[in-house]
1. Taking only pairs six or more apart or across chains, which ones have beta-carbon atoms under 8 Å, a first residue in the range 127-151 that is in contact (Cβ under 8 Å) with a residue 40 or more places away in the chain and among the hydrophobic types (A, V, I, L, M, F, W, C), and a second residue that is part of a loop (DSSP other than H, G, I, E, B) and loosely packed, with under 15 Cβ neighbours inside 10 Å?
2. Kindly evaluate residue 110 against the criterion of being among the hydroxyl-bearing types (Ser, Thr, Tyr), in a loop (DSSP other than H, G, I, E, B) and buried (at least 19 other Cβ atoms within 10 Å of the Cβ).
3. Would you check which residues across the range 61-83 are touching a Phe, Trp or Tyr at 6+ places or on another chain (Cβ under 7 Å) and assigned to a strand (DSSP E or B) and list them?
4. Out of 75, 124, I need the residue that is surrounded by fewer than 17 Cβ atoms within 10 Å (Cβ to Cβ), at pLDDT 95 or above and under 25 Å from residue 194 (Cα atoms). Which one?
5. Just one of 196, 191 is more than 23 Å from residue 223 (Cβ to Cβ) and among the aliphatic types (A, V, I, L, M); which is it?
6. Which one of 157, 124 is over 16 Å from residue 211 (Cβ atoms) and part of a strand (DSSP E or B)?
7. Among the residues in the range 121-131, are any under 21 Å from residue 224 (Cα atoms), among the small types (Gly, Ala, Ser) and more than 14 Å from the chain's Cα centre (by Cα)?
8. Go through the range 18-38 and give me each residue that's in a strand (DSSP E or B) and surrounded by 15 or more Cβ atoms within 10 Å (Cβ to Cβ).
Amino acid sequence: MKLPGLLITLVTLTFTSQSSEVLFSDDFSSGELESNWILYGDPLPRILDSLGLTPPCFNNNGDSMYGSGVVSREIFLIYEGIGVKCDMYMSCSERGTWVTALLSFITPGYRDDRTRNDYQIALIDYSYSGELDWGCPHRQGILKFSSFQDYNNQTIITHYHQNRYLNDWHSYSLEITEGRRVHYFIDDSLVLISPVPIPDTIEHVRIQLGNRSSNWGIALHDNLVVYRP
């Protein structure tokens, strides 16, 4: 089920949640990914020593068709709520497309859209659609917010022409509250709340970073924190 886009200015509340309990964090300064993350895709993601907030950072390094990324090795209990916050950077040539930075809660077995027993529970991603995107050109910076109710009901809310987030680092957050609605934050401001809660049958999640890349641009992630709101 796709809902029409909502104006992002409808919600301007400041993010005041305190990370009272940090469950996991990674600034990618270890120089390797395999200890904390399960890698997928071809080419595989990598760490970039020269870029970041501050360097190094995670580069999904995907291709323009299927994407690449990582899934947290640790599985987190939703319990009475859970949050994840990550700095993300996305840049793309004006004509280009197929570059996406993504932050997602997933069920533990999810790896891609072909897995029918597992799925993305909630995500926020930022992508670029220039004139080379033959399907829907000239929509430029695109923000997508998604939450899952069941296999036949996934709420997707999309905002087009969001160019103010290009070419700079911004903070993106997802919180599943005690009431199981998903709260979406950008730069510590609440921009959206999912219209319906996620199923109470979902008890455990992993974290996913990544998505597509191309020669037209780059998508980076840094300073990830998983916390109990």
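1. 132/95; 148/199
2. Working: among the hydroxyl-bearing types (Ser, Thr, Tyr): yes; in a loop (DSSP other than H, G, I, E, B): yes; buried (at least 19 other Cβ atoms within 10 Å of the Cβ): yes.
So residue 110 passes the test.
3. 68, 69, 70, 71, 72, 82, 83
4. Sole residue among the options that is surrounded by fewer than 17 Cβ atoms within 10 Å (Cβ to Cβ), at pLDDT 95 or above and under 25 Å from residue 194 (Cα atoms): 75.
5. Details: 191 fails: more than 23 Å from residue 223 (Cβ to Cβ).
From the options 196, 191, the qualifying one is 196.
6. That would be 157, the only listed residue that is over 16 Å from residue 211 (Cβ atoms) and part of a strand (DSSP E or B).
7. So in the range 121-131, the residues under 21 Å from residue 224 (Cα atoms) come out as 121-127.
When the remaining residues are screened for being among the small types (Gly, Ala, Ser), the result is 122, 127.
Still in the running and more than 14 Å from the chain's Cα centre (by Cα): none.
Looking for residues that are under 21 Å from residue 224 (Cα atoms), among the small types (Gly, Ala, Ser) and more than 14 Å from the chain's Cα centre (by Cα), one finds none in the range 121-131, hence no.
8. Applying the first criterion (in a strand (DSSP E or B)) to the range 18-38 yields 21-26, 37-38.
Once the filter is applied, which keeps residues that are in a strand (DSSP E or B) and surrounded by 15 or more Cβ atoms within 10 Å (Cβ to Cβ), the range 18-38 yields 23, 24, 26, 37.
The values are calculated or read from the model by the stated rules, or taken from the named source; none is laboratory data. Owing to the predicted nature of the structure, the values given are computational and were not obtained by experimental measurement. Cβ: placed from backbone, ideal geometry, glycine included. Neighbour counts: every protein chain shown.
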